[in-house]
Every structure is written in C-alpha cells, then in structure tokens.
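Engineer: First the structure, then my questions, so here it is.
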Amino acid sequence: MREPYLSQFRQLLQTGAGKQDIHDSKEATGYAVTSSSANEGFFRREIERVAMHQRSLCPLLEEEVGKASSILDVGCSTGATTVALALSKRLAASEVLGVDPNSLSLQAAEVRAIGYDLSRGRVRFLPTAPDQPLPFEDNRFDLAVCVSVLEFISSANSRQEFARELQRVTKLNGYIFLATPTPFRVREYHSGLWLGGYRYKEGYPWASSPWQIRKMFMNCSRIVLRKHYHRMARERFGRPIGWLPAAVISPLIALAAPWQKFLLRKKL
C-alpha cells in the first residue's frame, strides 16, 4: 500500500477501524466493543493481510472457480480480502463489492483500496445492518466470499438466515466460499477461551460444526478442496510428504487445521 494512504490507514486503525467483530450482541462486551487502542502487531497484521490472502485464498479460488466477474465480500472489515480478490488477474472480476456493518472499518477499506490503485468504479464498499437482508437482488454475484464472519454472528437462527442470504444473492451455479474456525479445539481460536467454541457467551465468538454448516447450505454442492490441502501439507512439511496422494493427506490436514474452509456451488 503506497503513501499517503498507508499512513491514513494506520490512523484509522488507531481510532478503532477493524476492532469490532460482533454487531448483533445484546450487551456491549468483548468483541462487540470498538477499541481505539492498537499495538504494532495489530498494525502489521492488518497491513499484511492482503498479501496473506494473495498467498492462500486467491490460489484456492483461482484453481477451483476460475473467472468470477462479480464478487461479493461479506463482512469485509478493513477490506483486505476484497482488495486481494480485486487484484487477482485470474479471477478477473470487473466488480468487487465489500459490505460490513462498521462504518469506520469501511472508511479504512476505502483507503486501502485506493492505496492499491483500485478504482472506485470497480471496487466499492457498502454498509449493511446486522440481522438484515443483504441489499442486493437475487442471483446477483458469481462468487460470494465470507472470511471469519460466521463465528461472530451471535445466534444459531441468525447464522441460518445469514446462510440463506449468501445463497440468495449468489447466481445459480455460482460459488460461495466460507472460512470459519473449527470447533475441534480446546481453546476458541479468536478469544482463547477454554471450550469457547462449544459454549455461547454474550459478546464472544463461537464455532459452528461442519455438519451444522452443511445443513445451512443444503441447496449447495460442496467442492472437496484436495489440491488446496495437499499444497498446504507440502508447504508445511516439505518434500517428504509430497509423494502422498491428495486423497489421503487432504482430509487429515483439513481436520487438523484451525480453520474450516468450504467452497460451495449453488444448485437450487
């Protein structure tokens, strides 16, 4: 990200952009509170997040989806995923929209996109309200992306409605990508709470199980991400594991990974 936008982006982070993750909580506590404090580690992670998605998320979608002319990034926060998707030449999106309930995060997302020389005509950011329908017509997007959002929706019913909205705005035979922490951890991924993925606590994230997510998206077929997980294994363990077939190693890596990743195709 080039100057002066990098400095503007840091200032917005300092004032609270990207610091509120839960917007439908009944109480202003935990992850439902906007904090204006941020340390250097937080700045670095936010600034480097575009490159992270370019290394991990974009290759997965480029390999499995190919070209996606219209892309929606739901719960975009400060726009790292949105920008990474817009920069992908293989996805070749002519329109990338990011939506989020936090107005300060959306300001930071706008600055980030300009800092990467992305035009406002091609990349846009819009506000949404929690527990409200997405402000788009049916069958609008080739690809809908939702990264680290589902775990921050407070109730199971709201998660089900959110899944319906993702499917509604996605075109028939279009794709939905979902990344959310696995519940198979002793401590919840974001908060570090013991068994936090298994029990609800107001203002804190909790994980959905794989079978709950599959139920939310019953009208979609699931694409098995063997190539992605096999590539992860090679990168993590090196050449000695390269000879193992993807069909063997991929389910093991997916089970052990801290994040669940679902690529779904809308069928109905």
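Engineer: Output yes when any residue across the range 28-40 is open to solvent by 40 Å² or more (accessible area, probe 1.4 Å), charged (D, E, K, R) and modelled with pLDDT of 95 or more, and no when none is.
Structural biologist: Within the range 28-40, not a single residue is open to solvent by 40 Å² or more (accessible area, probe 1.4 Å), charged (D, E, K, R) and modelled with pLDDT of 95 or more.
Engineer: I would also like to ask the following. What's the number of the only condition in (1) at pLDDT below 75; (2) open to solvent by less than 50 Å² (accessible area, probe 1.4 Å); (3) part of a loop (DSSP other than H, G, I, E, B) that His230 fails to meet?
Structural biologist: Among (1) at pLDDT below 75; (2) open to solvent by less than 50 Å² (accessible area, probe 1.4 Å); (3) part of a loop (DSSP other than H, G, I, E, B), His230 violates only (3).
Engineer: With the condition kept exactly as written, say whether any residue in the range 131-144 is among the basic types (Lys, Arg) and out of contact with any Ser or Thr (no Cβ under 8 Å at 6 or more places or on another chain).
Structural biologist: No, the range 131-144 contains no residue that is among the basic types (Lys, Arg) and out of contact with any Ser or Thr (no Cβ under 8 Å at 6 or more places or on another chain).
Engineer: Inside the range 82-107, can you point out the residues that are within 18 Å of Val33 (Cα to Cα) and either out of contact with any helix residue (DSSP H, G or I) (no Cβ under 7 Å at 6 or more places or on another chain) or crowded, with 23+ Cβ neighbours inside 10 Å (or both)?
Structural biologist: If the condition is that a residue be within 18 Å of Val33 (Cα to Cα) and either out of contact with any helix residue (DSSP H, G or I) (no Cβ under 7 Å at 6 or more places or on another chain) or crowded, with 23+ Cβ neighbours inside 10 Å (or both), then Asp100, Pro101, Asn102, Ser103, Ser105, Leu106 are the ones that fit.
Engineer: Please determine whether any residue of the range 163-170 is open to solvent by less than 20 Å² (accessible area, probe 1.4 Å), among the hydroxyl-bearing types (Ser, Thr, Tyr) and under 21 Å from Val96 (Cβ atoms).
Structural biologist: Scanning the range 163-170 turns up at least one residue that is open to solvent by less than 20 Å² (accessible area, probe 1.4 Å), among the hydroxyl-bearing types (Ser, Thr, Tyr) and under 21 Å from Val96 (Cβ atoms).
Engineer: Next question, about the same structure. If a residue has to be aliphatic (A, V, I, L, M) and in a loop (DSSP other than H, G, I, E, B) to count, how many in the range 92-118 make the cut?
Structural biologist: 3
Engineer: OK, next. What's the number of the condition Met52 fails, among (1) within 15 Å of the chain's Cα centre (by Cα); (2) exposed (fewer than 15 other Cβ atoms within 10 Å of the Cβ); (3) part of a loop (DSSP other than H, G, I, E, B)?
Structural biologist: Status for Met52: all satisfied but (3).
The values are calculated or read from the model by the stated rules, or taken from the named source; none is laboratory data. In this text the structure is predicted, and so the values were computed from the model without any measurement. With ideal geometry, Cβ positions are generated from the backbone for all residues, glycine too; neighbour counts draw on all protein chains shown. These area figures cover heavy atoms from the full protein model, side chains too; ligands, DNA and RNA do not enter into them. Shrake-Rupley method; radii C 1.70, N 1.55, O 1.52, S 1.80 Å.
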